[in-house]
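Peer 1: Take this structure first; my questions come after.
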Amino acid sequence: MEPVEALERIAFLLERQGAVPYRVQAFRTAATVIGALPRDELHQRARNGSLGRLKGLGPKTTRVVEEALAGVRPVYLAHLEEAGGPLVDGEQGQRLRRALRGDCHLHSDWSDGGSPVETMARAARDLGHEWCVLTDHSPRLTVARGLTAERLRRQLSLVAEVNEQLAPFRLLTGIECDILDDGSLDQEPELLEQLDVVVASVHSKLRMDEGPMTRRLLAAVRNPLVDVLGHCTGRQITGKPRPESRFDAGEVFAACSEQHTAVEINCRPDRLDPPRRLLRQALAAGCLFSVDSDAHAPGQLDWQIYGCARAEECGVPADRIITTWTERQLATWTGTGRTPRR
């Protein structure tokens, strides 16, 4: 295993486990440093013991590089792979995971993600996806460095460049757009029309009374610019827990079904939103679904298996999940509302 490959794999596994960012960054920084070093110099430093003097390498990352250069699997990597194991038991969610072609919700370092756009796209491709949607935050979410209209337009140019490099894999343009208090969207409508996929989510006033929250969600899912309703209850089940937002789920899911707005099955282990009872209710209402990682780092893209397991448990058929569709099928649906033939 090449040293850069080993360092990046360790970072991926740490992200997958939800490790604190500074631990992950140590390995990604080391991978960047080693990747920029001429091969001859790398081997010379390994022989004379000067690797550890490179800025950006510490004792643990140096050991990983030395072991990889010696032709052995780094001990720390082997430990992480053994300790990590599969994220779910047995075959839970595996059938549906194999059917996935994409991911409609992921973040880069343009907002509150930890990695560059190209790094996120490459990781999605390497996991077997044919496409994924870049959905950094909209401007109101300042704590997440939400994108102004100007920054979003600049990002569209970057996405075009990434697609030239990674073809036939496709990085689709998108946004996770805040649903404002009155149900309107936190971005210029003309700009939203240019995007491939719009995920709309509530991030503020999550304890709003049931009536106003219902009206807020209804306005959003009925907006023709919205494709996916993100993490609909806003709950947090780990860390600092947050209860579900209260709204009339029957009314909201009926509107999603009528308007062809997909309900997100958010795979983050701290969210797992919606809860099973609401997932089953949305299924009975005839909704489409989007199994999304909501990844903020490459290793978190692997979290889709959590959503796949919950979808299978609740009996959601694969053809009702837009992330199992081809890019062309997805584009037809977002453009016309027509779903692929069953």
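Peer 1: I'd like the residue in the stretch 42-81 that is in contact with a Phe, Trp or Tyr (Cβ under 7 Å, 6 or more places away or on another chain) and β-branched (Val, Ile, Thr) and, out of all such residues, is surrounded by the most Cβ atoms within 10 Å (Cβ to Cβ).
Peer 2: 61
Peer 1: Related question: Taking the options 84, 35, name whichever one is of a type outside the set (Val, Ile, Thr), touching a helix residue (DSSP H, G or I) at 6+ places or on another chain (Cβ under 6 Å), without any contact (Cβ under 8 Å) to a residue 60 or more places away in the chain and surrounded by 13 or more Cβ atoms within 10 Å (Cβ to Cβ). Steps first, answer last, please.
Peer 2: Numbers: 84 fails: without any contact (Cβ under 8 Å) to a residue 60 or more places away in the chain.
Of the residues listed, the single one that is of a type outside the set (Val, Ile, Thr), touching a helix residue (DSSP H, G or I) at 6+ places or on another chain (Cβ under 6 Å), without any contact (Cβ under 8 Å) to a residue 60 or more places away in the chain and surrounded by 13 or more Cβ atoms within 10 Å (Cβ to Cβ) is 35.
Peer 1: Going residue by residue through the stretch 263-279, is there one that turns out to be open to solvent by 10 Å² or more (accessible area, probe 1.4 Å) and within 21 Å of residue 123 (Cα to Cα)?
Peer 2: yes
Peer 1: Let me ask another. What do you reckon, is residue 35 of a type in the set (Gly, Ala, Ser) and closer than 30 Å to residue 317 by Cβ?
Peer 2: no
Peer 1: Oh, and also: Can you name the condition, by its number, that residue 228 falls short on among (1) closer than 20 Å to residue 270 by Cβ; (2) in contact with a Gly (Cβ under 8 Å, 6 or more places away or on another chain); (3) crowded, with 19+ Cβ neighbours inside 10 Å?
Peer 2: Against the list (1) closer than 20 Å to residue 270 by Cβ; (2) in contact with a Gly (Cβ under 8 Å, 6 or more places away or on another chain); (3) crowded, with 19+ Cβ neighbours inside 10 Å, residue 228 comes up short only on (2).
Peer 1: Residue 101 is checked against (1) open to solvent by 70 Å² or more (accessible area, probe 1.4 Å); (2) without any contact (Cβ under 8 Å) to a residue 60 or more places away in the chain and fails just one. What number does that condition carry?
Peer 2: (2)
Peer 1: Where residues in the stretch 163-191 are within 20 Å of the chain's Cα centre (by Cα) and assigned to a helix (DSSP H, G or I), which of them is surrounded by the fewest Cβ atoms within 10 Å (Cβ to Cβ)?
Peer 2: 166
Peer 1: When you check residue 99 against the structure, is it modelled with pLDDT of 95 or more and touching a Leu at 6+ places or on another chain (Cβ under 7 Å), yes or no?
Peer 2: Spelling it out, it is not the case that residue 99 is modelled with pLDDT of 95 or more and touching a Leu at 6+ places or on another chain (Cβ under 7 Å).
Peer 1: Determine the pairs where a residue that is closer than 16 Å to residue 269 by Cβ, located within the stretch 1-25, has a partner that is acidic (Asp, Glu) with Cβ atoms under 7 Å apart, the partner being 6 or more residues away or on another chain.
Peer 2: Listed pairs, sorted by first residue: 13/81; 16/302.
The values are calculated or read from the model by the stated rules, or taken from the named source; none is laboratory data. Source: prediction; values computed, not measured. Neighbour counts run over all protein chains shown; Cβ positions are idealised from the backbone, glycine included. Accessible surface is based on the protein model in full, side chains and every heavy atom, while ligands, DNA and RNA are left aside. Shrake-Rupley method; radii C 1.70, N 1.55, O 1.52, S 1.80 Å.
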